[in-house]
Structures are given as C-alpha cells and as structure tokens.
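Beneath this line is the structure, given in structure tokens, with notes to follow.
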Amino acid sequence: MPSVILKPGHVQPLWSGHPWVYAQAIDRIEGGATAGCEVSVLDPRGNLLGRGFYSPASAIPVRIAVRDATTQLGAAWIRDRLSRAHQLRHEIGLPTPRTDGYRLVHSEGDHLPGLVVDRFNDVVAVQLNTIGMKVRQDQVFDAIQGVLGVKTIVDRTPATYSKSEGFSPGSGVVRGDERLGAFRFTERGLSYEIPLELGQKTGYYFDQRALRARVEQLARGRRVLDAYCYVGSFAMSAARGGARSVLAVDENVLALEVGARCATANGLGDRVSFVRGSAQETLAAVGREGGYDLVILDPPSLAPSQRSLDRAMAAYRQLAAAGCRATKPGGLMILCSCSAAVSMDALTRAVALGARDARTTATVLERVFQGPDHPVPAAFTEGLYLKSVLVRVDSW
C-alpha cells in the first residue's frame, strides 16, 4: 500500500483525532499513490496514524477513514458505516411523523470522509466530494439502496468540489426514477416540494432545523424580515409561529417562486410576502422605515477558505451593522455564518463591531450551531461550520 509520510511537527493533530492531512504537512509519498487509491499515513518514524483515500489535486490530499491497519475499505466498510449513520439518526429521533427530511451521512462526522447523504423522504441526494468516494460511487449507491431501501438517488456533487478533486460534478438522477422532478419531504410538519433545478447544496439546508424551530417560538406578534430567504423556511416558521407579518427576500427568482408555492401549500401563503431584491438594499430601506421586530440574516458562505477570512469578517461586520439598523430598538436580530473558517467568537465580534457602527448595542441571548444530524468529531473544529448568534438590539 502506498504511504504518505508526514513532516516532523505535523503529527499532533492527526494523533489527537483530526481527520485531515494538509498538503503542507506531507514530507514525501512512497509506493506510487494514484488518485483515489487507499494510502497509509505515517509519522516520521513510520508509525501508522491512519488510512484514507488519496486526492493529489486537493489541498487536503488525505482524509483519514480508519485508524487501524486491518480494516478493508471496500463495499462492506461503506455499508457498515452507512448502517451506523442510519442507526445514529434513529437514536437522535429522526425521522419522525413530522420530519422525513434530514442529513443521513455528514462526511467526517459519520467517518465517511468526502460523502454527504441527505434523505428527502423516499429519495436521497448525495455529494461525492473526494476522488476516493467518486471512484467508489457504485459501492456507495449499493449501500444506500441496501440499507435504506430507497430506489432513487440523485448526485448533487458541486462543481467546486469536483474541480478541486479532478472529476466531473454531479449528474442528476443516477439510480431510480429518471423522471423525478422535485424533492418532496416534510420538516416539523411543514411540507416542501423543491425542484431539482434549484441547485443549492443538496437541495435544502437541513442544518438550520433547530434555529427555524426557535424562530417559530419567537415570532408571535412580531414583524419579521427573512433577508436571505431561499425557499422561505425561516419565513414560514415565523408565520406559523404567529408573526404579525413576514417579508421574505432573495435574489433567486426560482427560489422565491418555490417558496411561495410551499407557503401556499402549508396554508401560509397570505402571511408571507416573497419579494425579489438585494438583502443589503432591503435592510437599508427597512432601517429608514423604522425597522422590524425580528431580522434574520443567513447569507451564503462569505469565507470559503482561510485566505478570504479578513474580507469575510469585514462583510459580516457590515451586514451586522445593516441588520442592527433594520431592527427596532428592543427587537431581535439573528446573524448566521456557514463558513468553517469563521469561529463563533469571530462572528460574535463582528456583531459587536457592527452594532457599534450602527450606534446600537447588541446583547447576545443565544448561540446556535448545526443540528445533531450534522455530527462533528471532537478533534475536528473545522467540522463545526454553522454558527448563529441571536441578539437583542437596543439604542446606543
């Protein structure tokens, strides 16, 4: 088996359980490793740290899959890991009669690095985010169908990942009903029908389920702004929670159309206004008009890498300032970041600075992370990518 030998000084994170081997940590590669093949990762003395699949085109050439020398990383291993992930979801209470859409496999969190599987009732969407998983896709698909009993699998591997790994992006329905036009599922009793051509992630953001439930609890009697609404999940939650009015804003026309249909299907169509527009322009206009009682800001990733962090933090500060100006004194604002490079402390500081820029004060009431169907290894801080801060905004 080919071996990846680390440089001195780069062993401790992997020894502690971190699953990623960065390119700059590698001293040399022995044994003729090829893209997607299994490799052993060794410390400078030759001690085994783990094994995984080789991604020569990536900044993370190896993601550790197992820590021992004997486990065979074949079809049986994939099926076993998938079965364990399936069992874990049952242990945390998924699915339920009111929620049949959730994340089934969360890559490193379920010890299947490079693989994401989201379940939409009787259909699953997958992301094969490493060349190692891509070359084993038939084994992955067999395991999914065998463990879950589903017939239809949709490949939603994004071009950003496939390009960095050196293969083609996802190609739609790869098994089952090729006429499938939409994902149909329920979350907390709200029904969704999201067309496949709406290409955000796997199709939906299951990671914000807990925060959507919290918004529903907080919304009664409030005027609510959902400034990056996508298909309006926060907006519908607020409406069902008794919000006085809800404005849902996005620049994606198809997402707004889908959101409006979903709201109508759930009996909330007359309580949510879906409007195409810029979040920043909407926040500015709302601020000039006196503000809303609850402002939700869940933007797309602003820091896709560590290199973009400084620019992203400036953007979060500006967004926090705009959000504070758009929130009535005594109202609530939620700012979210889905960027792994942004820590909770950094996001909170952006809120503090943004509030100061807006000549307001922000008091943190709650901090919320991704849901339990997005588990994270204890040694893998990068896996805790989703952070949300709920603050009360008051006049300076």
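Here, each number is a calculation from the coordinates, and none is a lab measurement. It should be emphasised that the depicted structure is a prediction, and the values quoted were computed from it without experimental measurement. All Cβ positions, even for glycine, are placed from backbone atoms using ideal geometry, and neighbour counts span all protein chains on display.
As a calculated quantity, the FRET efficiency between Lys151 and Ser83 at R0 = 22 Å, using C-beta atoms, amounts to about 0.75. Please give the net charge around Ala255, taking every other residue with its beta carbon less than 14 angstrom from that of Ala255, where Lys and Arg add +1 and Asp and Glu add -1. That sum, taken over residues with Cβ under 14 Å, equals -4. Rg over Rh for region 3-66 works out to 0.90, using Cα positions for both radii and the Kirkwood form for Rh. For the options Leu225, Leu302, Leu104, a Gaussian network treatment of the chain with springs between C-alpha atoms closer than 10 Å singles out Leu302 as fluctuating the most. With K and R counted +1 and D and E -1, the other residues having a Cβ less than 14 Å from that of Arg349 yield a net charge of +1. Once the Cα atoms are used to define both axes, helix 309-325 deviates from the longest principal axis of the chain by about 20 degrees.
Between the helical axis of 209-218 and the longest alpha-carbon principal axis of the chain there is an angle of about 20 degrees.
Within the straight-line cut-off of under 19 Å between alpha carbons, the aspartates and glutamates reachable from Lys7 are Asp27, Glu30, Asp43, sequence neighbours fewer than 8 places apart in one chain being disregarded. Normalised by the number of residues in the chain, the average gap of Cα pairs under 8 Å and 6 or more apart makes the relative contact order 11 percent. Assuming charge only on the beta carbon of Lys and Arg (+1) and of Asp and Glu (-1), the dipole of region 3-66 about its Cα centre is about 60 debye to the nearest 20. What does the C-alpha gyration tensor say about the overall shape of region 205-395? Classify as rounded when a/c is under 1.5, otherwise prolate if a/b is larger than b/c, or oblate. Judged from the Cα gyration tensor, region 205-395 comes out oblate (a/c at least 1.5, b/c at or above a/b). Note on Asp142 and Ala57: their simple-model spin labels are 2.6 nm apart, each label 7 Å out from Cα toward Cβ. What does the charge count near Thr99 come to, summing +1 for each Lys or Arg and -1 for each Asp or Glu among other residues with Cβ under 12 Å from its Cβ? Within the 12 Å Cβ shell, the charges total +4.
Note on the chain: with a GNM built from Cα contacts shorter than 10 Å, the maximum mean-square fluctuation among His106, His18, His90 falls on His90. Between 0 and 90 degrees, the angle of helix 344-357 with respect to the longest Cα principal axis of the chain falls at about 30 degrees. Here's the list of lysines a cross-link from Lys134 could span, going by alpha-carbon distance under 21 Å and ignoring same-chain residues fewer than 8 apart: Lys151, Lys163, Lys201. For Val246, nonlocal amide neighbours, meaning residues 5 or more places apart or on other chains whose placed amide H falls under 5 Å from its own, are Val224, Ser273.
Given R₀ = 22 Å, FRET efficiency for Asn121-Val275 by Cβ-Cβ distance, to 0.05? Efficiency computed from Cβ-Cβ geometry: 0.15. Here the gap between Leu254 and Thr71, fully extended at 0.36 nm per residue and compared with their Cα-Cα distance, gives a gain of 61.3 nm.
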